[in-house]
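Okay, so here's the structure we're looking at.
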Amino acid sequence: MGSGGAALEVSGLTKRYGAKRAVDGLDLVVPHGTVTAVLGPNGAGKTTTVEICEGYRRADSGTVRVLGLDPAAEAARLRPRIGVMLQSGGVYPGARAEEMLRHIASLHADPLDVTALIEGLGLDGCGRTPYRRLSGGQQQRLALAMAVVGRPELVFLDEPTAGLDPQARRATWELVRALRNDGVTAVLTTHHMDEAEELADDVAVVDGGRVVAQGSPEELCRGGAENSLRFTGRPGLDLASLLKALPDDTAAAELVPGGYRVTGTVDPQLLATVTSWCAQHGVMPDRISVERRTLEDVFLELTGKELRS
Ligand code: ATP
């Protein structure tokens, strides 16, 4: 496995379906050993992009390198090195869960421990159940197990926790973290901000067939609109005097009588300045809270759309 470079490199990718530009000049770089979450509203082009990277669809133009290989021309060399979790299907309905997993494990040189994987995903107890009799959530966890049991260098997970109960979601997250600690690179699509925040080193926001922002969750939340600090005190405080004590780019407003909001670069220094100004003016600032932008806010600002939850 190459240590330098990227595990996945997509550049200028386009794909049309008839007149519809599903992917429209998409660029994405995923470094080795990281988890990247691809977020985007319905129809943004996520699945199309991932399927091209997996070698299941042909691009119209652009370049894609997965572990240094072209997934269309070098599929046979690439397949054993990547894991793919599809949203559904790909399993014989009569196959038993554990049998299926052991079979896939036997095709790989250095598979994960099947028993530990089954237990980790809470699938013990249904190892002998035919696939068609598993619940939707169990089928999904089995699909995840099948994608990773061969210890791939890179896994593609398409909405891995959609529809799972909270416990199964946690188990899935644990597995993705364990894979990452093992050096596996993961690219996951998700509609869940908390999932991206929990798991991702990097988030790529896709809209209209291109990446409109990429960075760590912290970087994305830091950029753009400012954070704010709210507090309550007696009504009618002299905000002009407060602002004199604060950096130039700060704003302050009394939103309701006695309810204040200070907007700007909210750091420890700003908090200290506001509280010391209050102390000098005999004001007890109650209910101080710092409001940071969440990924949800960033997503809304970038795409103007809510994520389907
Ligand atoms: P979702 O979050 O809903 O899964 P997505 O971001 O994965 O969406 P894609 O499935 O890649 O989006 O779809 C991108 C666009 O291409 C959509 O407008 C979709 O309707 C269209 N599209 C996808 N597959 C096909 C196809 N086989 N034929 C025609 N249009 C398609």
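From the Cα gyration tensor of segment 226-292, with a ≥ b ≥ c the square roots of its eigenvalues, which class applies: rounded if a/c is under 1.5, or else prolate if a/b is larger than b/c, or else oblate? Don't skip to the end; give the middle numbers.
Numbers: a/c = 1.38, a/b = 1.22, b/c = 1.13.
It comes out rounded by the Cα gyration axes.
What would the Debye equation give as log₁₀ I(q)/I(0) for the chain at q = 0.09, 0.14 Å⁻¹, counting only Cα atoms as equal point scatterers?
Result of the Debye calculation: -0.57, -1.01.
Within segment 245-291, what whole-number % of the accessible surface is contributed by carbon and sulfur, with the 1.4 Å probe and all protein chains included in the calculation?
Details: 1510 of 2700 Å².
With neighbouring chains kept in place, the figure for segment 245-291 is 56 percent.
Ignoring ligands, DNA and RNA, what accessible area per residue does segment 226-292 give at 1.4 Å, in Å²? Please report the intermediate quantities before stating the final value.
Numbers: 3860 Å² over 67 residues.
Spelled out: the 1.4 Å probe surface of segment 226-292, per residue, equals 58 Å².
On a 0 to 90 degree scale, rounded to 10, what angle separates helix 268-280 from the longest Cα axis of the chain?
30
Angle between the Cα long axis of helix 97-106 and the longest principal axis of the chain, 0 to 90 degrees, nearest 10?
For helix 97-106, the angle is close to 80 degrees.
Measure nothing fancy, just the Cα-based angle from helix 166-181's long axis to the longest principal axis of the chain, in degrees from 0 to 90, nearest 10.
80
Segment 178-251 to segment 26-99: how many Å between their Cα centroids?
28
Figure the gain on full extension for Gln280 and Glu198 (residue separation times 0.36 nm, minus the Cα-Cα span) and round it to one decimal in nm. Numbers along the way, then the final one.
Values: separation 82, 0.36 × 82 = 29.52 nm, distance 4.10 nm.
Stretched fully, the Gln280-Glu198 segment lengthens by 25.4 nm.
Can you figure out the FRET efficiency of Lys244 with Glu291, using R₀ = 30 Å and their beta-carbon distance, to the nearest 0.05? Please report the intermediate quantities before stating the final value.
Working: r = 23 Å, r/R0 = 0.78.
It comes to 0.80.
Quick check for me: using +1 on Lys/Arg Cβ and -1 on Asp/Glu Cβ, what's the dipole size of the chain about its Cα centre, in debye to the nearest 20?
Working: 33 positive and 41 negative charges, 196 e Å.
Charge dipole, the chain, about its Cα centre: 940 debye, nearest 20.
Of Val266, Ser241, Val35, which is farthest along the charge dipole of the chain in the positive direction, counting Lys and Arg as +1 and Asp and Glu as -1 at C-beta?
Farthest along the dipole direction, towards plus: Val35.
With springs connecting C-alpha atoms under 10 Å apart, model the chain as a Gaussian network and identify which of Val262, Val176, Val187 has the largest mean-square fluctuation.
Val262
Over segment 30-128, give the accessible area per residue in Å² for a 1.4 Å probe, as an integer.
Numbers: 4820 Å² over 99 residues.
I get 49 Å² per residue for this part.
For a quick size check, give me the Cα extents of segment 49-165 along its three principal axes, largest first, whole Å.
Projected onto the principal axes, the Cα atoms of segment 49-165 cover 46, 31, 23 Å.
Work out, step by step, the length gained on full extension between Glu219 and Asp113: first 0.36 nm times the residue separation, then minus their alpha carbon distance; give nm to one decimal. Could you put the intermediate results ahead of the total?
Numbers: separation 106, 0.36 × 106 = 38.16 nm, distance 3.65 nm.
The span from Glu219 to Asp113 would gain 34.5 nm if fully extended.
Heavy atoms only, 1.4 Å probe, whole protein assembly: order Lys15, Lys244, Lys20 by accessible area, highest first.
Values: Lys15 30, Lys244 180, Lys20 120 Å².
Order by accessible area, largest first: Lys244, Lys20, Lys15.
Rounded, prolate or oblate: which fits segment 1-100 when a ≥ b ≥ c are the square roots of the eigenvalues of the alpha-carbon gyration tensor, with rounded for a/c under 1.5 and prolate only if a/b beats b/c?
On the way: a/c = 1.75, a/b = 1.21, b/c = 1.44.
Oblate is the answer for segment 1-100, as a/c is 1.5 or above yet b/c matches or exceeds a/b.
Which of Leu69, Leu144, Leu271 ends up with the largest GNM mean-square fluctuation for the chain, with Cα atoms connected below 10 Å?
Answer for the Gaussian network model of the chain: Leu271.
Give, in nm to one decimal, the length gained when the segment between Glu174 and Ala72 is fully stretched (0.36 nm per residue of separation minus the Cα-Cα distance). List each step's numbers first, then the result.
Values: separation 102, 0.36 × 102 = 36.72 nm, distance 3.18 nm.
Here the answer is 33.5 nm.
The values are calculated or read from the model by the stated rules, or taken from the named source; none is laboratory data. Since the model is a prediction, treat every value here as computed from it, not as a measurement. Neighbour counts run over all protein chains shown; Cβ positions are idealised from the backbone, glycine included. Just so you know, the surface numbers come from the protein's heavy atoms only, side chains and all, with ligands and any DNA or RNA stripped out. Shrake-Rupley method; radii C 1.70, N 1.55, O 1.52, S 1.80 Å.
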